[in-house]
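The values are calculated or read from the model by the stated rules, or taken from the named source; none is laboratory data. Just so you know, these numbers come straight off a predicted model, no measurement behind them. Heads up, the Cβs are rebuilt from the backbone with ideal geometry, glycines too, and the neighbour counts pull from every protein chain shown.
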Amino acid sequence: MFALSKLVIVLLSPILWIVILFLWGLISKKPIRKKRCYVSGIILLLFFSNPFIIKKLILAYQPEKVALKEGENFSAGILLGGFAGKNKRDQQAYFNEHSDRFIQTALLYQTGHLSKVIIAAGDGTVFNRDDFREGDFIKQQLEAIGVPDSALALDRDSRNTAENAINAKRIIDSLHLPPPYLLITSAIHMPRAKRTFEKAGLAVTAYPAAFTVMPMDSVIPTDYFLPSAKSLRDWEMYLREMVGSLMYRMAGRS
């Protein structure tokens with residue numbers, strides 16, 4: 001399942017489909033097939049680069065932003081990885097565009113909403129495994145901004161969300177932490193993650209971060225209909241979550 005999911009992710013790229021159509025048209029000998037490939041490629045490009053369509057879909061799928069009330073505290077916050085990685089060229093670790101998860105977790109701890117942070121981040125790579133453990137890096141960064149080691153628990157072995165849930169439950173049970181627990185991950189990933197953690201037997205409250213899109217507040221038509229390269233990336237993440245949710249349901253993980 002792990003290897004299959006990685007293969008599926010590679011194929012869930014609209015830009016890949018578009019490039020294949022154009023290349024097929026380029027090498028095709030039949031004029032009618034060449035024309036169909038080019039026309040289909042253009043149609044797909046216009047569709048997947050339209051920001052209005054993908055924004056509407058993601059806004060309907062991802063949960064809304066959450067604001068905790070004063071005195072609303074949790075025995076533990078579960079921080080899911082996927083927002084940091086190692087660059088093999090300079091051997092340095094870097095945060096990526098989903099690092100708002102880290103920022104929100106740090107703020108939640110510093111403002112007293114979390115008593116403990118469970119870092120669920122191992123190594124989700126297929127090749128060069130054990131070259132970098134994201135959880136180790138995250139733990140170091142949290143300690144660097146003042147979160148004590150006593151407030152941190154680390155799962156550095158999980159490869160995906162299902163294993164995050166299983167290992168987090170093991171840690172919670174060993175520490176005898178009372179429910180509910182605050183689940184912190186990217187907004188677009190939250191629906192699948194929440195179902196997976198609940199399936200594992202954890203009572204979690206969703207705290208979405210790193211929003212892929214924000215509620216529309218502009219009235220300029222071009223903001224909705226002008227082709228956008230970012231929309232292609234948003235489609236890739238959206239399709240990944242849709243297929244991931246389907247695969248998890250089929251496997252009985254959510």
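In this structure, Y248 does not satisfy being within 30 Å of H176 (Cβ to Cβ), in contact with a Leu (Cβ under 9 Å, 6 or more places away or on another chain), surrounded by 16 or more Cβ atoms within 10 Å (Cβ to Cβ) and of a type in the set (S, T, Y). Taking every residue in segment 77-88 that is buried (at least 17 other Cβ atoms within 10 Å of the Cβ) and pairing it with any residue that is outside any loop (DSSP other than H, G, I, E, B) and of a type in the set (K, R), at least 6 positions away or on another chain, the pairs with Cβ-Cβ distances below 9 Å are L79/R101; L80/R101; G81/R101; G82/R101; F83/R101. Regarding L246, is this residue in contact with a helix residue (DSSP H, G or I) (Cβ under 8 Å, 6 or more places away or on another chain), farther than 26 Å from A106 by Cβ and in the same structural domain as N50 (by TED's automatic domain parsing)? When the stated conditions are applied, L246 does not pass them.
Among the conditions (1) polar (S, T, N, Q); (2) surrounded by fewer than 17 Cβ atoms within 10 Å (Cβ to Cβ); (3) modelled with pLDDT of 95 or more, the only one that S218 does not satisfy is (3). All conditions but one from (1) surrounded by 20 or more Cβ atoms within 10 Å (Cβ to Cβ); (2) under 23 Å from G146 (Cα atoms) apply to I54; the one that does not is (2). When restricted to residues that are at pLDDT 95 or above and among the basic types (K, R), segment 122-170 contains 3. The residues of segment 155-180 that are over 19 Å from the mean Cα position of the chain (by Cα) and either crowded, with 16+ Cβ neighbours inside 10 Å or within 23 Å of Y94 (Cβ to Cβ) (or both), listed by number, are K169, I171, I172, L177. Within segment 29-43, residues that are assigned by TED's automatic domain parsing to the domain that holds W17 and free of Cβ contacts under 8 Å to residues at least 60 places away in the same chain sit with their Cβ atoms under 7 Å from residues that are surrounded by 15 or more Cβ atoms within 10 Å (Cβ to Cβ) and part of a loop (DSSP other than H, G, I, E, B), at 6+ positions apart or across chains, in these pairs: K34/S28; C37/S28.
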